[in-house]
1. Looking only at segment 313-342, filter to residues that are of a type in the set (Ser, Thr, Tyr) and out of contact with any strand residue (DSSP E or B) (no Cβ under 9 Å at 6 or more places or on another chain); which one of those is surrounded by the most Cβ atoms within 10 Å (Cβ to Cβ)?
2. Would you check which residues across segment 312-361 are part of a loop (DSSP other than H, G, I, E, B) and in contact with a Gly (Cβ under 6 Å, 6 or more places away or on another chain) and list them?
3. Every residue in segment 150-178 that is among the β-branched types (Val, Ile, Thr) and either part of a helix (DSSP H, G or I) or in contact with a helix residue (DSSP H, G or I) (Cβ under 8 Å, 6 or more places away or on another chain) (or both), please.
4. If the requirement is being modelled with pLDDT of 95 or more, loosely packed, with under 14 Cβ neighbours inside 10 Å, not assigned by TED's automatic domain parsing to the domain that holds residue 228 and not aliphatic (A, V, I, L, M), which of these qualifies: 115, 170?
5. Report those strands (runs of 3 or more DSSP E) wholly inside segment 1-103 carrying at least 2 residues which are surrounded by fewer than 22 Cβ atoms within 10 Å (Cβ to Cβ) and touching a Phe, Trp or Tyr at 6+ places or on another chain (Cβ under 9 Å).
6. What number of residues in segment 33-77 are closer than 18 Å to residue 306 by Cα and polar (S, T, N, Q)?
7. Return yes when residue 363 is without any contact (Cβ under 8 Å) to a residue 40 or more places away in the chain, farther than 28 Å from residue 33 by Cα and in contact with a helix residue (DSSP H, G or I) (Cβ under 8 Å, 6 or more places away or on another chain) and no when it is not.
8. Determine, yes or no, whether residue 153 is surrounded by fewer than 22 Cβ atoms within 10 Å (Cβ to Cβ) and modelled with pLDDT under 95.
Amino acid sequence: MAKRKVVTLPGDGIGHVVLEETLRVLESAGFQAEYIEGDIGWEYWCKEGNPLPQRTIDLIAEHKIALFGAITSKPKEEAVNELSPELQSEGLIYSSPIVGLRQHFNLDICIRPCHTYVGNPLNFIRRSTDGGVDEPKVDVVIFRQNTEGLYGGVEWSDPPSQVYDALMTHPKFKKNFGKIPKDEVSVSTRIFTKRATERILRAAFDYAEKYNYKSVTVCEKPNVIRETSGMMYRLAKEMQKKDYPQIDLWNTNIDAQMMWLTKNPEDYGVIVAGNMFGDIVSDGFAGLIGGLGFACSAQFNDAGIGIFEPTHGSAPKYASYETSIVNPIAMIESACMMLDFIGEKEISKKIRAAVAKVIVEAKVQTYDMKKMKGAPDVIQKGAATTKEMADAVIANL
């Protein structure tokens, strides 16, 4: 039987090392695949003026499944300054290649699970009513609409006249911004469509039903952002009443949710939100389970194309260290989500059990798990390297 082909996208910074170690774990667990590396990231922006070359898009279109490491993004002016000199006058504008992939392939469903690992020294704790310490179990799965909203890329500085004139037809824009010179105005849009909103809601409810979660929480801001957040909550109420009456529907505002998540995180199950608020709330819950070193994600469309990535960034500071110290668990967990997606659930179950054993035994811990400040000397102080953590997972397989 031919090996499955998986596109690997190391990207920038620590993306290379966490992906490399994850591939070792996959091989040791018995997953047989042929890996095809795709070009993506800052290097290709600097030398080609395109961080997402067409050849990489073609690879993903052909093979459908990709593992993604991390990406570097910088502000507009800095990005232009780092282009090759011959490209700096071309009027090129940097945009995130991972956002580009999401929109090109309509990877509109993003899942970000946040589950407590028993024994993780970074787990959230709180003071109990009797003065002791309580460690609530977090088991939250965030569904983030991945292609629309504030990350849709529809924005302008000094907007074209037809855009500005259209905005001036809105009484609040005219009253609050109409006297400001057009060249001093920057506009970012927040666009929700009914179809995409229904798809992310349906995915969240289906997941809750399949895995016996008691509630789905819409985490938006419908009391202020009435048209977009309001549409999501309205559609959620209609869907829950018609198709999922056995699942409770909760409604929280994003700002209040960020306050409440440390009050009673164990009460939440599935959370669904738009692009920006989903990004925010998933990082908030990730902080309760150990931080971005444990935060994984999957993003996919209805055509079977899926890209799986940790939610941490490229951390260029750590990428420059002679020996890598970063925690690879988020990348390993993202690979497990890939395995689930393609039907290799026994292998993913085995890997997760091996990771859990490493954590509960507490013999091998990266610098974040030891609550050290990230620096090259943490290895001498007893912290595990990236490779040593992967080795420990492999040993438990």
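1. Applying the first criterion (of a type in the set (Ser, Thr, Tyr)) to segment 313-342 yields 314, 318, 320-321, 323-324, 334.
Then keep just the ones that are out of contact with any strand residue (DSSP E or B) (no Cβ under 9 Å at 6 or more places or on another chain); that gives 318, 320-321, 323-324.
Values: 318: 18, 320: 10, 321: 19, 323: 12, 324: 21.
If we take residues in segment 313-342 being of a type in the set (Ser, Thr, Tyr) and out of contact with any strand residue (DSSP E or B) (no Cβ under 9 Å at 6 or more places or on another chain), then 324 is surrounded by the most Cβ atoms within 10 Å (Cβ to Cβ).
2. Pass one, segment 312-361, residues part of a loop (DSSP other than H, G, I, E, B): 312-315, 320-328, 342-344.
Listed by number, the residues that qualify are 314, 315, 327.
3. To start, the set of residues in segment 150-178 that are among the β-branched types (Val, Ile, Thr) comprises 154, 163, 169.
If the condition is that a residue be among the β-branched types (Val, Ile, Thr) and either part of a helix (DSSP H, G or I) or in contact with a helix residue (DSSP H, G or I) (Cβ under 8 Å, 6 or more places away or on another chain) (or both), then 163 is the only one that fits.
4. Working: 115 fails: loosely packed, with under 14 Cβ neighbours inside 10 Å.
One residue alone meets the criteria, 170.
5. Values: elements: 4-11, 33-37, 65-70.
Per the criteria, 4-11.
6. Within segment 33-77, residues that are closer than 18 Å to residue 306 by Cα and polar (S, T, N, Q) number 2.
7. On the way: without any contact (Cβ under 8 Å) to a residue 40 or more places away in the chain: yes; farther than 28 Å from residue 33 by Cα: yes; in contact with a helix residue (DSSP H, G or I) (Cβ under 8 Å, 6 or more places away or on another chain): yes.
Against the criterion (without any contact (Cβ under 8 Å) to a residue 40 or more places away in the chain, farther than 28 Å from residue 33 by Cα and in contact with a helix residue (DSSP H, G or I) (Cβ under 8 Å, 6 or more places away or on another chain)), residue 363 qualifies.
8. Numbers: surrounded by fewer than 22 Cβ atoms within 10 Å (Cβ to Cβ): yes; modelled with pLDDT under 95: yes.
Judged against the criteria, residue 153 is a match.
The values are calculated or read from the model by the stated rules, or taken from the named source; none is laboratory data. Predicted model, so just to flag it, every value in this text is computed and none were measured. When we count neighbours, we look across all protein chains shown, and the Cβ atoms used for this are built from the backbone with ideal geometry, even at glycine.
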